[in-house]
Structures are given as structure tokens and as C-alpha cells.
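One structure below.
The values are calculated or read from the model by the stated rules, or taken from the named source; none is laboratory data. All values derive from a computational prediction rather than experimental measurement. Virtual Cβ from ideal backbone geometry, glycine too; neighbours counted across all protein chains shown.
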Amino acid sequence: MANGLDDVVAAETVLSDVDGLGGRLTIRGHSLPDLAGRWKYAEVVHLLFDGFFDDLPDDKELANAIGRARSEVFERIEPLLPFLASLDIYSAMRAGIALLPDGDKLPDALRLVAAPAVLTPALLRLQRGESPIAPDSKADHAADMLRMLTGIVASPKLAKALDTYLVTVCDHGLNASTFATRVVASTQAGLTSVVLAGLGALKGPLHGGAPGPVIEMLDAIEAHGDAAGWLRDEIARGRRIMGFGHRIYRVRDPRADVLKVVVRQLGAKGETGHRLAFAESVEQAALEVLRIAKPSRSLQTNVEFFTALLLEAAGFPKEAFTNVFAAGRVAGWIAHAREQQTSGRLIRPQSRYIGPVPDLVA
């Protein structure tokens, strides 16, 4: 039996292909560099949903429909936001999404695409004593998410950076959360149930919870003053170096390169520029320390490293990083769910019993 289902093919999909040896990510026939920074998130949602919803409009109208869905979600959830804000930010978002109808039609899907982008800013504002801001249904998705967070219209450069991030993480093969969504979808459960399954898997620190600790690592190294020394001490203690290594990629994570370019485009001056320069020096130190300490393993920079820098520059606190990850990945979850429901079977693997056997009576 494959430990952790390594190398087990559990689904056939048209949605994405992760080439771990070549360091390439393909999303419905397009390489990640061809999509990120060139296609808007709503256009990629259209790409992922194409063929799975009979009433899917063109990509421009879909963007408008996502905007209307943001407003609908806010109107549905607004009375409960003060209660939800008493929870931690991720649990609050998940609880808010659980209140949405559990259907399997396009309007259900669009509400779920909209929900993390609406709930996360509203909850963050309430938790810091500010009033939530209603969506602007005519704004671009990422730009509106930033406006709802800060109360001001984001610069085009920052809005594009967040939009590129959402595109970059929209789908990534049969990762833990996507597999969880396909299992639930195979039972013919509704899309809200599907997304809640994905959110449950994404919460774990081995999956979606990694970018926050990257910020903690950078802060600790800056306070320590010796990146290589700090990193060697962590490895000696048996601790993981956050932002490096990946279950599938044996070379550099292509998403890391895309996001590194995006962070650089935010500016070489000011706090963001200082943070990037420092992070790049830590990255080089980490790659060298890991090469020497673990010569049998290829531990390259992964998506979490530059995710942390981008989301920090966008104004999100580290405890909300997984929420923003979910805001991008939800489209992939829904597409996989519809693919599973239309062409797959109930997922029911076998297990091998290795426990004690009762005595047999002759």
C-alpha cells in the first residue's frame, strides 16, 4: 500500500496537471506563467467552470455575476457578522460559508466563489473595531476585496498583485483539500458541503496553514541577525524550514517564481522593498543550508514563501493568509466537484485490517 496514497491515481481530470519533476503547472491547457498576471481571476473561474455548468455565461458577464454574488453574500450574512467575528478568522469564515444554500447550480457556485472574499475583510474589520464595508458589485474581484479590507480603493498595481495570487493558487492537482472535496462531491452532496470539506483540509498546517509561519520565521531571523545560524539551529532541533520543500515538486515550485515577480513589481522602495530584499537573502541562505544539511533531498522554495510576502504587503494579517488562499482555491474545488459529480463514481477505497483477530470457534 502506498503510504499517503503516493503515486495512486484517484481521478482523471481536465482541470490541472502538476509536473513535479519538470516544475510545471498546467491549468486546463494553459501554463501558469501564461495565466498569472495576464488573465483576471474571473476569467480563470470561467476557464475552470467551462463545461460543468449548462448556464455559464461568457467571461465578462461571469465577472459581473461574481460581483452580484458578493453583494448577495454580504446581505445574507451581515446580521450574523458580529457573532462570527467572535471566532478566530478562519473558523468565522467557515461558519459564514456554512450558512449558504447547499445547491449545485451556478448561482450556488458563484456565492461560494464570492464568500471568502466578502467574509474575510468584513470579519477582520470587525475584529479590529471597525464597521464592515459592503461590496461594490461592479468592481473587479480582487480590487473589491482590498477595498472592503482597507476602506480605500487599492492601487491598480496592488489589485493586480492580489488578482495574480488568486489565479496562481486557483487549482493544483489532487492536493489534500481538493481530494477531500472530490470525496464529498462523489456522494452527490451540494457545493457548500464540498467547499466546507475543502476548508477543513486546508486548515491544517501541512497544507494551507504554512504561509503564516513564514512571516514568523522572517521576523525571528531578523531579530536574531544571522540567517544561516538561525536556520542551522532549527534544522538541528528537527524543525521544518517554512517555505521550502514540496510533496510533489522535486525542483523549484513554479508558483514561487510567479509570485516573486509580483512582489518585486510592488516596488523596490519602502517597507515592501526592504522586506523583499531581506526575504531574498534569507531564501538564498536557506537553500544553501538545506543543501548541506539534507543533501539527499531537493528542498526548493515553494509557493508559501512569496505568498507570505505578497499577502503581508496587501495588508492581510498572517492569521488570515489561509482565508485568502481559500478565496483563490475555492474555484478549483468547485470545478473538481462538478467534474466528479458528472463523470465519476462514489469514492470508496478499501482498507487493510491489521488489528487483532478474534479467536475462531471450531
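Okay, here's what the table says:
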{"read-out": "Contacts under 6 angstrom Cβ, first residue in region 339-356 being in contact (Cβ under 8 Å) with a residue 12 or more places away in the chain, partner surrounded by 10 or more Cβ atoms within 10 Å (Cβ to Cβ) and not in a loop (DSSP other than H, G, I, E, B), 6 or more apart", "value": "340/182; 340/185; 341/185; 347/183"}
{"read-out": "Checklist (1) within 11 Å of residue 302 (Cα to Cα); (2) at pLDDT below 90 applied to residue 274, failing item", "value": "(1)"}
{"read-out": "Pairs where the first residue, in region 247-260, is in the same structural domain as residue 299 (by TED's automatic domain parsing) and buried (at least 19 other Cβ atoms within 10 Å of the Cβ) and the second is among the basic types (Lys, Arg) and not in a helix (DSSP H, G or I), C-beta under 9 Å, 6+ apart", "value": "254/24"}
{"read-out": "Subset tally (residues that are surrounded by 19 or more Cβ atoms within 10 Å (Cβ to Cβ) and either in a helix (DSSP H, G or I) or hydroxyl-bearing (Ser, Thr, Tyr) (or both)) for region 127-146", "value": "6"}
{"read-out": "Residue tally, condition more than 30 Å from residue 185 (Cβ to Cβ) and surrounded by fewer than 21 Cβ atoms within 10 Å (Cβ to Cβ), over region 307-353", "value": "3"}
{"read-out": "Tally, over region 1-30, of residues that are without any contact (Cβ under 8 Å) to a residue 12 or more places away in the chain and touching a strand residue (DSSP E or B) at 6+ places or on another chain (Cβ under 9 Å)", "value": "2"}
{"read-out": "Residues satisfying the stated conditions in region 303-316, i.e. in contact with a Gly (Cβ under 7 Å, 6 or more places away or on another chain) and within 12 Å of residue 169 (Cβ to Cβ)", "value": "304"}
{"read-out": "Of residues in region 234-251 being within 20 Å of the chain's Cα centre (by Cα) and not hydrophobic (A, V, I, L, M, F, W, C), the one modelled with the lowest pLDDT", "value": "249"}
{"read-out": "Scope region 255-267; condition modelled with pLDDT of 90 or more and either closer than 16 Å to residue 17 by Cβ or part of a loop (DSSP other than H, G, I, E, B) (or both); matching residues", "value": "255"}
{"read-out": "Exclusive hit being in contact (Cβ under 8 Å) with a residue 12 or more places away in the chain, assigned by TED's automatic domain parsing to the domain that holds residue 169 and closer than 20 Å to residue 316 by Cβ, set 266, 199, 276", "value": "199"}
{"read-out": "Breaking point among (1) under 21 Å from the mean Cα position of the chain (by Cα); (2) assigned to a helix (DSSP H, G or I), for residue 174", "value": "(2)"}
{"read-out": "Test: residue in region 73-94 that is touching a residue at least 40 places away in the same chain (Cβ under 8 Å), of a type in the set (A, V, I, L, M, F, W, C), closer than 21 Å to residue 123 by Cβ and in contact with an Asp or Glu (Cβ under 9 Å, 6 or more places away or on another chain)", "value": "yes"}
{"read-out": "Residues of region 175-205 classified as closer than 25 Å to residue 105 by Cβ and either touching a His at 6+ places or on another chain (Cβ under 8 Å) or crowded, with 24+ Cβ neighbours inside 10 Å (or both), total", "value": "12"}
{"read-out": "Test set (1) in contact (Cβ under 8 Å) with a residue 24 or more places away in the chain; (2) farther than 25 Å from residue 19 by Cα; (3) part of a helix (DSSP H, G or I) - residue 183 fails condition number", "value": "(2)"}
